[in-house]
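Structure, as structure tokens:
Throughout, read-outs are computed from the coordinates displayed, never taken from laboratory work. These numbers come from a predicted model, not from an experiment. Here Cβ is always computed from backbone atoms with ideal geometry, including for glycine, and neighbour counts include all displayed protein chains.
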């Protein structure tokens, strides 16, 4: 059974199912059939269902405890007077009780399955139109600044004359070690 189906059943039915499963597991331990893989899988499934039932029962008990705590703290807080009345110590005690009450209320909401309203995600605002326009203008300016390439064919490179390479300059003499 799934947890959702178990949560919908009364405690009496859950406890009877729990006793039934525990009895079956007890008998299976003494059976030689328990050694087969199929029987072992059934035992494992029953143990898991027992755990699910225990989880549901313990959650219900925890919810009842927290609800009692909320009632007790509300009465205690009401008996302490208004928040702005009393000494500094009274205000401090009242703040502590109020904090415990808020924590207990959150626990009750969580245990009872109530979901708090989801916090909306922040949505990024689109860039203003004028910023986008400036970016487009900059891109157009860059294109305009580039010189247009000529479609003329490139001239072949001719070998440079020796005079162009600076042959009229005197060459340094090589040093020879003799």
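Spin-label model, residue 46 to residue 96: label points 7 Å out along the Cα-to-beta-carbon direction sit 5.1 nm apart.
With the simple model of a label 7 Å out from the Cα in the direction of the Cβ, residue 64 to residue 89 spans 3.9 nm. At each listed q (0.13, 0.23, 0.24, 0.30 Å⁻¹), what is the log10 of I(q)/I(0) that the Debye formula gives for the stretch 1-56 modelled as equal alpha-carbon point scatterers? Log10 of I(q)/I(0), two decimals: -0.34, -0.85, -0.89, -1.17. P(r) for the stretch 3-111, from all Cα pairs and a bin width of 10 Å, is 13, 27, 20, 15, 13, 8, 4, 0 %, short bins first.
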